[in-house]
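The values are calculated or read from the model by the stated rules, or taken from the named source; none is laboratory data. Small disclaimer: the values here were computed from a predicted structure and weren't measured. Backbone-built Cβ (ideal geometry, glycine too); neighbour counts: all protein chains shown. When the accessible area is computed, the model is the full protein with side chains, heavy atoms only, and any ligands, DNA or RNA have been set aside. Shrake-Rupley method; radii C 1.70, N 1.55, O 1.52, S 1.80 Å.
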Amino acid sequence: LHWPNMDQRAAACEIVGWHNILDQLNAVTIDKDEDPLIGSLVEVDLPDSGRERFLDVICGTMRRFALPVPPHSKTALQAQAELHGLPENSIRLIKVRT
């Protein structure tokens with residue numbers, strides 16, 4: 001996170017995995033859905049970026065991911081809806097096939 005070039009820093013974070021970085025930075029949970037496929041909305045203070053929010057989620061293949069979401073997201077369900085460009089009330093209706 002202290003790499004001087006921000007583009008290289010972002011690439012390194014993608015390689016290491018944001019979920020691993022969030023663990024190291026002690027991300028604060030804002031909201032946690034009972035469904036791990038919906039996930040948890042977390043917030044962390046990143047150098048040179050300030051407060052950022054991520055959706056910490058398990059995918060259908062049972063791998064863990066952390067996806068950046070808009071800072072105005074208030075719940076994990078709202079963050080999922082914004083990622084998919086769908087209304088919040090439709091997210092639980094989506095069936096995932098893996």
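Numbers below:
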| quantity | calculated |
| --- | --- |
| Ranked packing of 69-79, 6-16, most packed first, by mean Cβ within 10 Å | 69-79, 6-16 |
| Theoretical ellipticity at 222 nm over the chain - DSSP helices of four or more residues, -39500 (n - 2.57) apiece, nearest 500 | -8000 deg cm²/dmol |
| Fraction of accessible area attributable to carbon and sulfur, the chain (%, probe 1.4 Å) | 56 percent |
| Nearest 10 degrees, 0 to 90: helix 6-16 Cα axis against the chain principal axis | 60 degrees |
| log10 of Debye I(q)/I(0), alpha-carbon scatterers only, for the chain at 0.25 Å⁻¹ | -1.37 |
| Karplus-derived 3J(HN,Hα), 6.51/-1.76/1.60, for each residue of segment 44-60, Hz, glycine and proline x | 9, 9, 9, x, 6, 10, x, 6, 10, 10, 9, 9, 8, 9, 9, 8, x |
| Paired Rg and Dmax values of segment 1-48, which use every Cα atom, in angstrom | 12.5, 38 |
